[in-house]
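The values are calculated or read from the model by the stated rules, or taken from the named source; none is laboratory data. Predicted model only: the values in this text are computed from it and were never measured. Positions of Cβ are generated from backbone atoms using ideal geometry, with glycine treated the same way; all protein chains shown enter the neighbour counts.
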Number of protein chains: 2
Amino acid sequence: MAKNLTSRSEDYSKWYNELVIKADLAENSGVRGCMVIKPYGFAIWEKMQAELDRMFKETGHQNAYFPLFIPKSYFSKEASHVDGFAKECAVVTHYRLKNDENGNGIVVDPDAKLEEELIVRPTSETIIWDTYRKWIQSYRDLPILVNQWANVVRWEMRTRLFLRTAEFLWQEGHTAHATEAEAIAEAEQMMHVYADFVENYMAVPVIKGLKSESERFAGALETYCIEALMQDGKALQAGTSHFLGQNFAKAFDVKFADKEGKLDYVWATSWGVSTRLMGALIMTHSDDNGLVLPPNLAPDQVVIVPIYRNEEQLAAASEVANKLMAELRSKGIRVKFDNRDTHKPGWKFNEYELKGVPVRIAIGPKDVENGTVEIARRDTLSKELIAVEDASAYISNLMDEIQKNLYTKAVSFREENTTTVSSYDEFKEVLEEKGGFISAHWDGTSETEERIKKETKATIRCIPLDDDNAPGVCMVTGKPSARKVLFAKAY
Amino acid sequence: MAKNLTSRSEDYSKWYNELVIKADLAENSGVRGCMVIKPYGFAIWEKMQAELDRMFKETGHQNAYFPLFIPKSYFSKEASHVDGFAKECAVVTHYRLKNDENGNGIVVDPDAKLEEELIVRPTSETIIWDTYRKWIQSYRDLPILVNQWANVVRWEMRTRLFLRTAEFLWQEGHTAHATEAEAIAEAEQMMHVYADFVENYMAVPVIKGLKSESERFAGALETYCIEALMQDGKALQAGTSHFLGQNFAKAFDVKFADKEGKLDYVWATSWGVSTRLMGALIMTHSDDNGLVLPPNLAPDQVVIVPIYRNEEQLAAASEVANKLMAELRSKGIRVKFDNRDTHKPGWKFNEYELKGVPVRIAIGPKDVENGTVEIARRDTLSKELIAVEDASAYISNLMDEIQKNLYTKAVSFREENTTTVSSYDEFKEVLEEKGGFISAHWDGTSETEERIKKETKATIRCIPLDDDNAPGVCMVTGKPSARKVLFAKAY
């Protein structure tokens, strides 16, 4: 059963990298910082996409598609936005290659230089708001509730599969509203939609909150976020939703006439989650044996492996398997029968454990004889013999149980790894020795936040929304603090 | 009912451009040649994607995702491939912007020049075959049946919404096989899958065939295609499937060991359809009143418009509408009730006609009184009064009838506009005066093909697969011809 997987306790980071490769989720490509998402990893992402897309549509959003390229001049229109993204942009400068006359092979044709450089979108606020100017004249054109599934590029220097890649896949919602209150309500709604998805499909508990000013999206007045805690005690930002005020409307001159005919700038939000969620999913549940997937997102929820020494035994096991498969499928359960004769059962068990299939069923000659099947849970690694006539009901129930168990385990882990501290020394000690979320008072200034970050590498993950918010004094400066905030080292 | 739409007979090309804009399908963006696909247009594309994706999965394919960027050196490895695409490539040369020291705003940072330029993928054979080298060692790793939904960029000089844009959305299948026969079978299978989709969902009849050598994909040994005929008598290539032989395996050194341990290069196919299909859909069925959509792809298949003068009448119409909606939805029909009080019924009728909704139901006070509804078909523009209790069965039946009618009409049009000619003079005359597909003998040489293209602008659309293939003599040179081929002017 050797998976040659580094254990989490030995080296968490190495464990993660190996797991992503060995479970066939993704791999590095020949292009610096860009990943290949392999079919198994992509199948999980597709499940995520399908659920999120459904949730977006249920909340009134429609999909659309905007250009990959953004003219440099658009990009420069919103000052803080360009500051935030200029340092990590892929820039298209030419539109043709040619055969070098001096025999140096294929070269960029210097005659095909663009008049204005194009930026490969790192996010689409600018090109979208340039478009919205044409779509919006009056209050009747509002709200615009649009989402886009797309690839984006941010030229990150240090990359890691799913967590930080130069190109990644994401969705970006971009909405336009007549009032400030409506835009804020939208930004909050999408934070809740994200939390709902991450908790109920990914089985990853999250803290909802606001970013501090210095951690806000470039161009936002307020950034709502959901923060999750990984098994190594580091936090991961799982999704953000931004209230953009009228910043982009002003930069792109997007005004609307209200019912009285008065002109005003349009209010905006944007919100996104990305293939980074794959990293959160992997790191929250998986163990030293490999990936652990919540049933709600597993491409195969159940796999059946026949155990046999001859054709007759295979035929008998297949008969049981086919009947059980039909029953499971009628309950909407995704089940696969792996009767390949090119691999031994032990190899298959190992493979499906590594790939996190929630439930594995083995059917051997003895099972056929006794009318049982062996049902193994990936989350607990426990096995049980179940009468074949009870199996489909049992498994159907297991789907819910495993989904809940993963979530509950993750909540317990987070509770155990969330510490409230009252002094900066205690803060540093907890951060060093235990990690996790640390709840502490902070004086609300960027200076103090920056000092803490510099001295400890911990950042303010969020100002929680549903926490008690009793005032106190800042653990660093002793100045008044309106409420405790949540710190952690983060991905 | 004025839609201010240029008529097809007046200016087909203008009619198309106006229709795409007015029906809210797509528009030009501020980025040269790149379009914005608007929510209504994207909703149709999503329906296409969903059906195609299902068909790909049913034929054993899985989705994956490969990098947007292709290093220039990869791109250059397959000689005919780079020849085909080098002239229309977006090239990334830098990875950072900065504030100009001389106050010229945001500029490209010259210090951030890439060592090797990156090409924005125009198609992904090269990056994918570089990856497949790592995935394939033995026959056990084959076949690889992978598809990718992605954006691609080809720097076209003359662009038209959906038909030819610098960036477009598509899917590209890339498969790897142990034998030549298997790869050819795959390429043929995908041509049939495409034909099935285009005919049965888009209601667009197609001719299946092979491309002549000069029209083949850059790097292919054989290109299978499906060709459709638009209302202006021009052909449109709706999908292609390529047998790539061992060209890419050789360029990227991808070998596999067969059962006897003998090494050989892997056999390849690739196949794709794009947002260009939206152009084919629009041009095949639409009329001077606007878009006409086949029910199988219409985002809204039925729209109900209440006609009323007061709240009481609205309430009565709504009651009928809600009951009918529930019945239609239980039959899986996508129905919308447009009870907006911001627009008059006449405006709504006009709007849904322009947007091609297959069936429109009007419910007025008289209908409520008489227990009827007025049902209007978009394809025939005919109206009927139907008893409300019969309405849902009638409409359910209409869905099939409209779908079939659109297809049948398109087949008739194509038949009327396909001409067999025996001389080059007749060929030129038919091409000039009637257009459409022209079936004629050709001597099989690129020289003759080139001459015909130069003199008439007609190209060989395909060498049909399911036609009679009696030999004859070339209409131009009088040399022997193995069979007739299909010519047309094309998009």
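Brief remarks follow.
- Residue in the stretch A:167-178 that is closer than 23 Å to B:ALA64 by Cβ, surrounded by fewer than 21 Cβ atoms within 10 Å (Cβ to Cβ), assigned by TED's automatic domain parsing to the domain that holds A:ASN63 and of a type in the set (Phe, Trp, Tyr) present: yes
- Within the stretch A:93-112, residues that are within 11 Å of chain B (Cβ to nearest Cβ) have Cβ atoms under 7 Å from residues that are assigned to a loop (DSSP other than H, G, I, E, B) and surrounded by fewer than 17 Cβ atoms within 10 Å (Cβ to Cβ) in these pairs: A:VAL107/A:ASP100, counting only partners at least 6 apart in sequence or on another chain.
- Unique residue being facing chain A (nearest Cβ under 10 Å), buried (at least 21 other Cβ atoms within 10 Å of the Cβ) and part of a strand (DSSP E or B) when the list is B:VAL31, B:VAL36: B:VAL36
- Listed by first and then second residue, the pairs linking a residue in the stretch A:18-32 that is touching a residue at least 40 places away in the same chain (Cβ under 8 Å) to a residue that is assigned to a loop (DSSP other than H, G, I, E, B) and charged (D, E, K, R), with Cβ atoms under 6 Å apart and 6 or more places separating them unless they lie on different chains, are A:ALA23/A:LYS355; A:ASP24/A:LYS38; A:ALA26/A:LYS38.
- Scanning the stretch B:201-215 for residues that are small (Gly, Ala, Ser) and part of a loop (DSSP other than H, G, I, E, B) yields B:ALA203, B:SER212.
- Extreme residue, surrounded by the most Cβ atoms within 10 Å (Cβ to Cβ), among residues of the stretch B:310-363 that are among the acidic types (Asp, Glu) and farther than 24 Å from B:LYS38 by Cβ: B:GLU327
- Residue within the stretch B:286-297 that is more than 27 Å from the chain's Cα centre (by Cα) and in a strand (DSSP E or B) present: no
- Where strands (runs of 3 or more DSSP E) fall entirely within the stretch A:344-441, those with at least 3 residues that are more than 28 Å from A:THR477 (Cα to Cα) and more than 24 Å from the chain's Cα centre (by Cα) are at A:359-363, A:372-377, A:383-387.
- Subset of the stretch B:122-131 (residues that are facing another protein chain (nearest Cβ under 9 Å) and hydrophobic (A, V, I, L, M, F, W, C)): B:ILE127, B:ILE128
- Qualifying residue in the stretch B:132-146 (condition: in contact with a Leu (Cβ under 9 Å, 6 or more places away or on another chain), more than 10 Å from every other protein chain (Cβ to nearest Cβ) and within 21 Å of B:PHE243 (Cα to Cα)): yes
- Criterion: more than 30 Å from B:HIS285 (Cα to Cα), free of Cβ contacts under 8 Å to residues at least 40 places away in the same chain and out of contact with any strand residue (DSSP E or B) (no Cβ under 8 Å at 6 or more places or on another chain) - qualifying residue of B:THR477, B:THR380: B:THR477
- Given (1) over 17 Å from B:GLY33 (Cα atoms); (2) under 25 Å from the mean Cα position of the chain (by Cα), index of the condition A:LEU97 fails: (2)
- Selected residue (only one of A:SER73, A:SER80 is in contact (Cβ under 8 Å) with a residue 12 or more places away in the chain and more than 10 Å from chain B (Cβ to nearest Cβ)): A:SER80
- Under the condition of being surrounded by fewer than 22 Cβ atoms within 10 Å (Cβ to Cβ) and either more than 10 Å from chain B (Cβ to nearest Cβ) or out of contact with any helix residue (DSSP H, G or I) (no Cβ under 8 Å at 6 or more places or on another chain) (or both), the residues counted in the stretch A:57-66 number 4.
For (1) of a type in the set (Lys, Arg); (2) at pLDDT 95 or above; (3) surrounded by fewer than 19 Cβ atoms within 10 Å (Cβ to Cβ), each residue gets a yes or a no:
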position: B:GLU433; (1), (2), (3): no, yes, yes
position: B:ILE438; (1), (2), (3): no, yes, no
position: B:THR445; (1), (2), (3): no, yes, yes
position: B:GLU450; (1), (2), (3): no, yes, yes
position: B:GLU455; (1), (2), (3): no, yes, yes
position: B:ALA458; (1), (2), (3): no, yes, no
position: B:PRO464; (1), (2), (3): no, yes, no
position: B:ASN469; (1), (2), (3): no, no, yes
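- Taking the numbered list (1) touching a strand residue (DSSP E or B) at 6+ places or on another chain (Cβ under 8 Å); (2) more than 9 Å from chain A (Cβ to nearest Cβ) in turn, B:ILE119 passes all entries but (2).
- Filter result for B:GLU186 (away from chain A (no Cβ under 13 Å) and either under 22 Å from B:THR275 (Cα atoms) or touching a residue at least 12 places away in the same chain (Cβ under 8 Å) (or both)): yes
- Among (1) touching a Gly at 6+ places or on another chain (Cβ under 8 Å); (2) of a type in the set (Lys, Arg); (3) more than 26 Å from A:SER481 (Cβ to Cβ) - the single one A:ARG140 does not satisfy: (1)
- Residue tally, condition buried (at least 20 other Cβ atoms within 10 Å of the Cβ) and touching an Asp or Glu at 6+ places or on another chain (Cβ under 6 Å), over the stretch A:125-147: 0
- With respect to the conditions (1) on the phi > 0 side of the Ramachandran plot; (2) in contact with a Leu (Cβ under 8 Å, 6 or more places away or on another chain), A:VAL359 lacks only one, and its number is (1).
- Entry remark, the stretch B:282-337: residues being closer than 20 Å to B:LYS47 by Cα and basic (Lys, Arg) number 4 in total.
- Residue list for the stretch B:466-490, restricted to those being charged (D, E, K, R) and over 15 Å from B:THR445 (Cα atoms): B:ASP466, B:ASP467, B:ASP468, B:LYS489
- The number of residues in the stretch A:100-122 being among the β-branched types (Val, Ile, Thr) and surrounded by 23 or more Cβ atoms within 10 Å (Cβ to Cβ) comes to 2.
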